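Report on one structure; see the data block that follows.
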Amino acid sequence: MLNNITDGVPGTTFKQTSTDTAAVLTAASLLSSDGNRPIAILISCQTKTIRYAFNATPVQAAGGLGHDIDDGEWLYIRSSAAIKAMKIISAASGNHGVLTITPFFESGR
């Protein structure tokens with residue numbers, strides 16, 4: 001259970017569905033109204049398993065490159081550089097998962 005978010009002001013929560021092609025997080029949803037990048041993000045996995053990697057392309061199938069986040073699990077990332085460098089892919093071909101993502105911005109943004 002996540003109960004201690006203290007990094008910045010929450011932006012608008014959005015959903016992103018994984019595909020069989022590695023992709024960055026939805027760029028437009030990760031900007032504040034004045035164009036700033038988030039200082040942190042909260043990601044929860046709603047369905048299926050999603051694989052992610054930083055500064056690399058995650059690979060599907062058993063033993064593929066990347067970390068897995070399963071249905072019901074969550075990540076809290078406190079680094080703008082890591083958020084920008086993150087890519088996601090469906091862990092298994094054709095089994096697309098849904099992530100719910102909330103960005104957090106510096107106070108007053």
*asked:* Take the conditions without any contact (Cβ under 8 Å) to a residue 40 or more places away in the chain and surrounded by fewer than 14 Cβ atoms within 10 Å (Cβ to Cβ) and apply them to A53. Does it pass?
replied: no
*Confirm whether I43 is surrounded by 20 or more Cβ atoms within 10 Å (Cβ to Cβ) and at pLDDT 95 or above.*
yes
*Within the group T21, T13, T26, T100, which residue is among the β-branched types (V, I, T), more than 12 Å from the chain's Cα centre (by Cα) and surrounded by fewer than 18 Cβ atoms within 10 Å (Cβ to Cβ)?*
T21
_Out of the residues in the stretch 77-93 meeting the condition of being assigned to a loop (DSSP other than H, G, I, E, B) and of a type in the set (A, V, I, L, M), tell me which one is surrounded by the fewest Cβ atoms within 10 Å (Cβ to Cβ)._
A92
*Can you pull out the residues in the stretch 88-97 that are among the hydroxyl-bearing types (S, T, Y) and over 13 Å from the mean Cα position of the chain (by Cα)?*
S93
_Single residue of the stretch 96-107 satisfying the filter (modelled with pLDDT of 95 or more and assigned to a loop (DSSP other than H, G, I, E, B)) that is nearest to E73 (Cα to Cα)_ = G97
_Condition first: farther than 12 Å from T100 by Cα, among the polar types (S, T, N, Q) and at pLDDT below 95. Now tell me which residues in the stretch 1-40 satisfy that._
N3, N4, T6, S32, S33, N36
*Give me a count of the residues in the stretch 58-73 that are over 17 Å from H96 (Cβ atoms) and either touching a helix residue (DSSP H, G or I) at 6+ places or on another chain (Cβ under 9 Å) or modelled with pLDDT of 95 or more (or both).*
2
*Across the stretch 64-101, what is the number of residues that are polar (S, T, N, Q) and in contact with a Pro (Cβ under 8 Å, 6 or more places away or on another chain)?*
1
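The values are calculated or read from the model by the stated rules, or taken from the named source; none is laboratory data. Everything quoted here is computed from the prediction, not taken from an experiment. Please note: Cβ atoms are built from the backbone with ideal geometry, for glycine as well, and neighbour counts cover all protein chains shown.
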